[in-house]
Amino acid sequence: AKAHGKNCYQVFETRMHEQLLDRLDQESRLREAVHRGELRLHLQPVVDVTTRELRGVEALVRWEDPERGLQPPGAFIPLAEETGLITEIDRWMMIEACRTVREWQESSPETAPHWVSVNLSAANLEVPDLTDRVAYALAGTGLAPECLVLELTETVLMRDIAVTAGRLEEMRELGVRIAIDDFGTGYSSLGYLRDIPVDVLKVDRSFITGLVGHQRQQELVRAILQLGHTLGLKVVVEGIETEDQLDLLITLGCRFAQGYFLGRPEPVASLRSRLATVPAP
Ligand code: C2E
Ligand code: CA
Ligand code: CA
Ligand code: CA
């Protein structure tokens, strides 16, 4: 029994050791990925539903891992958040997004998006020079501040409202806009809408999934749209996958939407060539 117990322990220890090494390996590969230029910027259209025209884009990161191919954020953002690497990734994405959209606006103003939004994980709010980073991205690329939207999730914003409100106010003084991402999923009070300076609400995809055929869901979305519009905010509904959902949203008062039905995230070159060849409806 004793020998057996020892054996189990050794197996356990070896497995722990392997997992630890694996994690360290992953971490260093991710760290190198940032410096080796293996991150990729993908853009997903945000469309004006009344005209079906592109109005904005959301910047979504991908990792072109030479060993495993193109990785979605779900495969590496959690590790990046645990290790603090996320602030480097978000900094890179912000500059890349600003540069890309500025170039697009310069070369084809008629098809270029009016704004680009970037995602900021919680850790960014603890970066002392965050406002300088944003200012640097704008100054370095020449993108107009009102064309940049910073997306933060409800849960991030709620963590310490007083501190967060101050930081956001600082960034808004630069002229950039603030969006609440995944709006409605935080199970929080709406009090922060009073205290936090925001410009855009992004209604979470979970509100859209069961929309068609469900009266209550529809009234809820209608109410969110009205609340946002009454407060003078832009409201973007996420996760539109079907034409039925889109038609319904229009009747509920939706103006801006994003989702696979309207366009998947893709590299800027393919998005631009698609927009150039597909005639406007
Ligand atoms: P998110 O900010 O809520 O971004 C929207 C996600 O929903 C994207 O997934 C997008 O591809 C997906 N999506 C868009 N339309 C549809 C649809 O119609 N149906 C479905 N099922 N999904 C749709 P993605 O690109 O895998 O990103 C996942 C999450 O990773 C993002 O969620 C965001 O939280 C995070 N993320 C992505 N890029 C960055 C980044 O540069 N920095 C940080 N900090 N987080 C990022
Ligand atoms: Ca987002
Ligand atoms: Ca979202
Ligand atoms: Ca999300």
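The values are calculated or read from the model by the stated rules, or taken from the named source; none is laboratory data. Values in this document were obtained by computation on a predicted structure and should not be read as measured data. Don't worry about glycine lacking a Cβ; one is built from the backbone with ideal geometry, like all the others, and counts go over all protein chains shown. Accessible surface is based on the protein model in full, side chains and every heavy atom, while ligands, DNA and RNA are left aside. Shrake-Rupley method; radii C 1.70, N 1.55, O 1.52, S 1.80 Å.
Being free of Cβ contacts under 8 Å to residues at least 40 places away in the same chain, within 14 Å of ligand 3 (Cβ to nearest atom) and in a loop (DSSP other than H, G, I, E, B) is not true of G253.
So, in segment 77-100, exactly how many residues are within 16 Å of ligand 4 (Cβ to nearest atom) and either closer than 11 Å to R31 by Cα or touching a Gly at 6+ places or on another chain (Cβ under 8 Å) (or both)? The qualifying residues number 3.
Could you please find all residues in segment 63-86 being open to solvent by 20 Å² or more (accessible area, probe 1.4 Å), more than 14 Å from ligand 2 (Cβ to nearest atom) and not in a loop (DSSP other than H, G, I, E, B)? If the condition is that a residue be open to solvent by 20 Å² or more (accessible area, probe 1.4 Å), more than 14 Å from ligand 2 (Cβ to nearest atom) and not in a loop (DSSP other than H, G, I, E, B), then E64, G69, L70, Q71, A75, P78, L79, E81, E82, T83 are the ones that fit. Considering only segment 159-182, state which residues are open to solvent by 10 Å² or more (accessible area, probe 1.4 Å) and either within 15 Å of ligand 4 (Cβ to nearest atom) or not in a helix (DSSP H, G or I) (or both). Scanning segment 159-182 gives R159, D160, E173, L174, G175, R177, D181, D182. Candidates L249, L271, L225: the one that is open to solvent by less than 30 Å² (accessible area, probe 1.4 Å), under 26 Å from L157 (Cα atoms) and either within 16 Å of ligand 4 (Cβ to nearest atom) or under 22 Å from the mean Cα position of the chain (by Cα) (or both) is L225. Figure legend. Inter-residue proximity from segment 183-205: first residues on the phi < 0 side of the Ramachandran plot, second residues within 16 Å of ligand 4 (Cβ to nearest atom) and among the small types (G, A, S), beta-carbon distance below 6 Å, spacing 6+ or different chains. Indicated pairs: V200/A179; K202/A179; D204/G184; R205/G239. From the list T153, T111, the lone residue that is β-branched (V, I, T), at negative phi, surrounded by 15 or more Cβ atoms within 10 Å (Cβ to Cβ) and more than 16 Å from ligand 4 (Cβ to nearest atom) is T111.
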